[in-house]
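As structure tokens, the structure follows; a few thoughts come after it.
The values are calculated or read from the model by the stated rules, or taken from the named source; none is laboratory data. Since this is a predicted model, take the numbers as computed values, not measurements. Cβ: placed from backbone, ideal geometry, glycine included. Neighbour counts: every protein chain shown. What goes into the accessible areas is simple: the full protein's heavy atoms, side chains included, and nothing from ligands, DNA or RNA. Shrake-Rupley method; radii C 1.70, N 1.55, O 1.52, S 1.80 Å.
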Amino acid sequence: MDEYSRFVDWDKMDSSLQSQDVKELTCPELPELKQLARQGYWAKNHSLRAKVYHKLLSNIPCRTVTPDANVYRDIVVKIIGKRSGSSLPLPEFVDDTLVPTYCLNAEGIGAVRKIILCIANQFPDISFCPALPSVVALLLHYSKDEAECFEQVCRILACNDPSKRLIDQTFLAFESSCMTFGDLANKYCQAAHKLMVAVSEDVLEVYSDWQRWLFGELPMVYVARVFDVLLVEGYKVLYRVALALLKFFRKVRGGQPMKSDSIQQDIRMFVRDIAKSVPPEKLLEKAFAVRLFSRKEIQLLQMANEKALQQKGITVKQKRQNVHLAVHAENFKSEIVSVKEMRDIWSWIPERFALCQPLLLFTTSEHGCSLSRFYSHSEGHEPTLLLIKTTAKEVCGAYLSTDWSERRRGGSTLSFFGTGECFVFRLKPEVERYEWVIIKHPELAKPGSETENHTSPSSSTLSSGSAPSHSSDHLSPFLSARHFKLPSKTASMFMAGSSECIIIGGGDGQALYLDADLNHGRTSHCNTFNNQPLCSESFQISLLEVWGFLDTMNG
């Protein structure tokens, strides 16, 4: 047995990891280190992985005063006394039901609780950290003693480099990361997201499990491989792996009947038994095949979600948690969509606005078909949701990120605005959502306009009408044109309005045009690979509604 085997039950762990001959790891540059971590280089030998962990954790930039192994030796007897480790109650900031044993022996299982209680003593600022038991249990496999494991976990918690963020330590950070994961799943796992919408009333509640998949349900060998890369590349890796788990769940289980009463339980069971269908190498391969946003853009999205929670006063975990709001049936009434259909739409919008309730601002059945009245009722609200029902009983609409008052910035000229979060959708005859597009209708834009000007990627990513100067807090984090393969100066050309018409563009080339009296419209799909247009090429409007987003938690 090597010096890192004190807490390992080798009957549960792959004993071949002790005997495999792997060269010692030198000090490669970061790109090479990333490749070695992704390929599982040090996963092939238990002792080598322990030494690599020690080296990586020792290099984490930390607070000036960070508890070390000597601190643990000083405080453990005072805090634990003569109590048995396995019976120790855990602090409230962790979930006592999610303390994995992995491949630990009896001594290791008790040591996990002792270390967590000593960490709680040294980090009074930690208010919510459900991933901590998993991190402690994992590192204990690769530690010489409890004190060394304590020091390594403390370095993770005391990291003061924003680019090296590793685990959430507050409810605000955790909850906003769940919202961010929901936004990313909405964009990068549309097939799986569609399945979640179909089988659950509250999609965010399902996505709030994403860290549990990683730090509660994944088998030891998978968690260790994820942790290898996490220490090298940071928090973004967790999003990647969770998205890969969601993709594999949909692929493996999508066509099968549910095995439990809820989709949450089904996903947990799938992740727990993932070894039956997906090896660790395939999981990481799928994770790094996702063309995810940059770290900076994900941080912007996380900040936007944190701010939304703070503005609603959601900063600590409540005994009666009421974060994941759905569309309330008793308060919702639309002549165009049902409660279920509105909940489906709500699952597509950015998570920070999904906390709000729909508020009817304008309807042709009550306010008439005046475009000026449409503007007067819609202005001052950001974002808004447009719903249209045609005389042919087709239903379509658009999520619009920007206040309609922005149309005035172009003066009398038809001026485009909006952000990359805008999209159009169809509900009937079939449900479909379309994102990221530029309107390519020369007849709807002035001659020589930027819609035909394909500028270089080095140009500014914001056109003059892209965002309201008075509401920078609401700007979409997704403003970089290079991620959507769009000409940079037209990246924000999604919506436009004048006294004569409204133009809305959506993904896959979908475009929607409404006339001045809100009685007629037309739609087109510019790309040849579209299956169906948004609705009839030329249609008559039966009903039109505009919905705002009411922050019920702030009155």
Selection within region 341-364 - of a type in the set (Val, Ile, Thr), under 21 Å from the mean Cα position of the chain (by Cα) and not in a helix (DSSP H, G or I)
Ile349
Has region 123-133 got at least one residue that is more than 30 Å from the chain's Cα centre (by Cα), open to solvent by less than 40 Å² (accessible area, probe 1.4 Å) and among the β-branched types (Val, Ile, Thr)?
no
Answer yes if at least one residue in region 206-218 is open to solvent by 60 Å² or more (accessible area, probe 1.4 Å) and either part of a helix (DSSP H, G or I) or without any contact (Cβ under 8 Å) to a residue 24 or more places away in the chain (or both), and no otherwise.
yes
Could you check Ile115 against (1) of a type in the set (Val, Ile, Thr); (2) over 16 Å from Ser143 (Cα atoms); (3) outside any loop (DSSP other than H, G, I, E, B) and say which number it fails?
(2)
Just checking, does region 463-479 include any residue being touching a Lys or Arg at 6+ places or on another chain (Cβ under 6 Å), at pLDDT below 85 and open to solvent by 60 Å² or more (accessible area, probe 1.4 Å)?
no
State which residue is modelled with the highest pLDDT when the search covers only region 4-31 and only residues that are among the charged types (D, E, K, R) and exposed (fewer than 12 other Cβ atoms within 10 Å of the Cβ).
Asp11
Does Leu230 meet the test of being open to solvent by less than 20 Å² (accessible area, probe 1.4 Å), touching a Phe, Trp or Tyr at 6+ places or on another chain (Cβ under 7 Å), among the aliphatic types (A, V, I, L, M) and in a helix (DSSP H, G or I)?
no
Collect the residues in region 371-398 that are touching a residue at least 24 places away in the same chain (Cβ under 8 Å), in contact with a helix residue (DSSP H, G or I) (Cβ under 9 Å, 6 or more places away or on another chain) and more than 21 Å from Val339 (Cα to Cα), keeping them in residue-number order.
Phe374, Tyr375, His377, Ser378, Glu379, Gly380, His381, Glu382
Selection from region 44-82 of residues that are assigned to a helix (DSSP H, G or I), within 34 Å of the chain's Cα centre (by Cα) and either farther than 30 Å from Glu24 by Cβ or not hydroxyl-bearing (Ser, Thr, Tyr) (or both):
Lys44, His46, Leu48, Arg49, Ala50, Lys51, Val52, His54, Lys55, Leu56, Leu57
Could you count how many residues in region 142-185 are among the polar types (S, T, N, Q), assigned to a helix (DSSP H, G or I) and either open to solvent by 20 Å² or more (accessible area, probe 1.4 Å) or touching a strand residue (DSSP E or B) at 6+ places or on another chain (Cβ under 9 Å) (or both)?
1
The condition of being among the aliphatic types (A, V, I, L, M), open to solvent by 10 Å² or more (accessible area, probe 1.4 Å) and part of a loop (DSSP other than H, G, I, E, B) holds, among Ala304, Ala289, only for Ala289
Scan (1) open to solvent by 20 Å² or more (accessible area, probe 1.4 Å); (2) at pLDDT below 90; (3) assigned to a helix (DSSP H, G or I) for the single condition Glu201 breaks and write down its number.
(3)
Strands (runs of 3 or more DSSP E) completely within region 365-458 that count 3 or more residues being at pLDDT below 90, surrounded by fewer than 20 Cβ atoms within 10 Å (Cβ to Cβ) and in contact with a strand residue (DSSP E or B) (Cβ under 8 Å, 6 or more places away or on another chain)
none
Hey, among the residues in region 317-342 that are modelled with pLDDT under 50 and out of contact with any helix residue (DSSP H, G or I) (no Cβ under 9 Å at 6 or more places or on another chain), which one's least open to solvent (accessible area, probe 1.4 Å)?
Gln321
Selection from region 60-86 of residues loosely packed, with under 11 Cβ neighbours inside 10 Å and free of Cβ contacts under 8 Å to residues at least 12 places away in the same chain yields Thr64, Val65, Val77, Lys78, Gly81, Lys82
Look through Tyr142, Tyr102 and report the one residue that is within 22 Å of Ser47 (Cα to Cα) and out of contact with any Phe, Trp or Tyr (no Cβ under 8 Å at 6 or more places or on another chain).
Tyr102
Taking the stated definitions as given, is Val271 part of a loop (DSSP other than H, G, I, E, B) and either within 28 Å of Ala43 (Cβ to Cβ) or touching a residue at least 12 places away in the same chain (Cβ under 8 Å) (or both)?
no
